[in-house]
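The values are calculated or read from the model by the stated rules, or taken from the named source; none is laboratory data. These figures come from a predicted structure and were not determined experimentally. Quick reminder, even Gly has a Cβ in these numbers, built from the backbone with ideal geometry, and neighbours come from all protein chains shown.
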Amino acid sequence: MIERVRLIVLFGGRSAEHEVSCVTAVSVLKALDPLRYDVVPVGITSDGRWVLADEAQRLLQAGGAEALPPALVARGTELQPFDTVAPASAGSAVVVLPLLHGPFGEDGTVQGLCELAGVPYVGSGVLGSAVSMDKLVAKQLLERAGLPVPRYLGLRDHEVAAGLPARVEAALGWPVFVKPANLGSSVGVSKAATPAELEAALALAAGYDEWLIVEEAISGREIECGVLGDLEPAASVPGEVVPSRDFYDYEDKYVDGAAELRVPAPLPQEVAHEVQRLAVETFRAVRAEGMARVDFFYEECGRGLLVNEVNTIPGFTPISMYPRMWEASGVPYPDLLDRLVQLALDRQSRRAGRVGRERPTGVS
């Protein structure tokens, strides 16, 4: 690794997952080695302004990062996005670490900005980010790749019509889960067991996205697996989420914290290996890079493992499943961050000479 990297940590953002991103950023800022990284924390406010988190930076430099409150990380001097991600000068390195969950960050938009600026960044590229963010498109790609997924219906908000409940009952049965296609952290997700509840669930989801998914309710275990790498992605030991509620919703994840997280998941060895195999296949099918968390349902007495979704910027607090699964796999939290930064630098180096990134010789 280059001796010192200017690491631009992006967090906050315009999506409904703004607060989750800020909590993630606090943990990452605490863990980064100041001898290896010149850390530049940049918050994106809910209305889309980019700010240098001056107060957070001062605390970091004073060694007080352990007391860094989430509300502090998005206050500071306003910046211009393109200037913020400017590439390095000769002999130095700049890497962008996006910790943005949901639209306008995890969906390829910020990744596209980094591509235009010619600066390396952690995680999936534009295509992998966009595909994985859109749960409907991701499911369609996974089906084409022959990977097992739950039964679902996809629709646009204007397609919600009087005949939909009968269609849902015939295709999926009751109950069902309704989700916005382009959001995470279980925001906008609800369960419906009747036509009236379906109508309310669709209205809730449509408040976040115009594309909606209605999925069968699965009686099974919730299994997760981390993937790390690029050319040769590797899978972590699987973990299991045991919700304290009807399903693993936003409150269970971030408010009550009552869900039980088991790492490693108590699975037979052959099932654990199958989780890892499917996780890597899923990672490749959606063109993910760097990191992702792949979520499964496990029907022990039914269809076995079903791929639920892919998260290309998973939660990154020390107790989040992605770093916990890698910790249990022998990769401590600070080392995991180092590996991700190195993967970003390696990808940029590998692609530097590609035609289209620089003008071919002899072309005017």
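Would it be correct to say that Ala196 is free of Cβ contacts under 8 Å to residues at least 40 places away in the same chain and either part of a strand (DSSP E or B) or buried (at least 20 other Cβ atoms within 10 Å of the Cβ) (or both)? Lay out the reasoning, then the answer.
Numbers: free of Cβ contacts under 8 Å to residues at least 40 places away in the same chain: yes; either part of a strand (DSSP E or B) or buried (at least 20 other Cβ atoms within 10 Å of the Cβ) (or both): no.
Here the answer is no, as Ala196 does not meet what is asked.
Can you name every residue in the range 10-52 that is closer than 19 Å to Gly188 by Cα and either in a loop (DSSP other than H, G, I, E, B) or of a type in the set (D, E, K, R) (or both)?
Gly13, Arg14, Ser15, Ala16, Glu17, Glu19, Ser46
The rows are residues; the columns are (1) closer than 30 Å to Arg350 by Cα; (2) surrounded by fewer than 19 Cβ atoms within 10 Å (Cβ to Cβ).
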| site | (1), (2) |
| --- | --- |
| Leu261 | no, yes |
| Pro264 | no, yes |
| Gln269 | no, yes |
| Ala279 | yes, no |
| Arg287 | yes, yes |
| Glu299 | no, yes |
| Thr312 | yes, no |
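Specify the residue that is modelled with the lowest pLDDT; the eligible residues are those in the range 1-21 that are more than 18 Å from Pro81 (Cβ to Cβ) and buried (at least 19 other Cβ atoms within 10 Å of the Cβ).
Taking the range 1-21 as the starting set, the residues that turn out to be more than 18 Å from Pro81 (Cβ to Cβ) are 1-5, 16-17, 19-20.
Right, trim to buried (at least 19 other Cβ atoms within 10 Å of the Cβ) and you get 5, 16-17, 20.
Details: Val5: 93, Ala16: 78, Glu17: 81, Val20: 83.
So, considering only residues that are more than 18 Å from Pro81 (Cβ to Cβ) and buried (at least 19 other Cβ atoms within 10 Å of the Cβ), the one modelled with the lowest pLDDT is Ala16.
What is the residue count in the range 303-314 for residues that are over 16 Å from Val275 (Cβ atoms) and out of contact with any helix residue (DSSP H, G or I) (no Cβ under 6 Å at 6 or more places or on another chain)?
Result for the range 303-314: 1.
When you scan the range 126-164, how many residues do you find that are in contact with a strand residue (DSSP E or B) (Cβ under 7 Å, 6 or more places away or on another chain) and hydrophobic (A, V, I, L, M, F, W, C)?
Going through the range 126-164 one residue at a time, the tally reaches 7.
Would you mind stating whether Ile223 is surrounded by 17 or more Cβ atoms within 10 Å (Cβ to Cβ), modelled with pLDDT under 95 and in contact with a strand residue (DSSP E or B) (Cβ under 8 Å, 6 or more places away or on another chain)?
It is false that Ile223 is surrounded by 17 or more Cβ atoms within 10 Å (Cβ to Cβ), modelled with pLDDT under 95 and in contact with a strand residue (DSSP E or B) (Cβ under 8 Å, 6 or more places away or on another chain).
Is it true that Pro148 is surrounded by fewer than 20 Cβ atoms within 10 Å (Cβ to Cβ), of a type outside the set (Lys, Arg) and touching a Gly at 6+ places or on another chain (Cβ under 9 Å)? It would help to see each step written out before you state the result.
On the way: surrounded by fewer than 20 Cβ atoms within 10 Å (Cβ to Cβ): yes; of a type outside the set (Lys, Arg): yes; touching a Gly at 6+ places or on another chain (Cβ under 9 Å): yes.
The answer is yes for Pro148.
Would you call Gly229 at pLDDT 95 or above, at positive phi and surrounded by fewer than 20 Cβ atoms within 10 Å (Cβ to Cβ)?
yes
Can you tell me which residues in the range 288-344 are over 24 Å from Gln269 (Cβ atoms), in contact (Cβ under 8 Å) with a residue 60 or more places away in the chain and either part of a helix (DSSP H, G or I) or more than 16 Å from the chain's Cα centre (by Cα) (or both)?
Tyr333, Pro334, Leu336, Leu337, Asp338, Arg339, Leu340, Val341, Gln342, Leu343, Ala344
For the range 203-220, give me each residue that is aliphatic (A, V, I, L, M) and surrounded by fewer than 21 Cβ atoms within 10 Å (Cβ to Cβ).
Ala203, Leu204, Ala206, Ala217, Ile218
Here's a check for you: in the range 152-168, which residue that is exposed (fewer than 14 other Cβ atoms within 10 Å of the Cβ) and at pLDDT 90 or above is farthest from Glu216 (Cα to Cα)? Steps first, answer last, please.
So in the range 152-168, the residues exposed (fewer than 14 other Cβ atoms within 10 Å of the Cβ) come out as 156, 158-159, 161-163, 166-167.
Now narrow it down to the ones that are at pLDDT 90 or above: 156, 166-167.
Working: Arg156: 18, Ala166: 14, Arg167: 12 Å.
Going through the qualifying residues, I end up with Arg156.
Inspect the range 76-98 for any residue being touching a Lys or Arg at 6+ places or on another chain (Cβ under 6 Å) and modelled with pLDDT under 85 and give the result as yes or no.
No - not one qualifying residue is present in the range 76-98.
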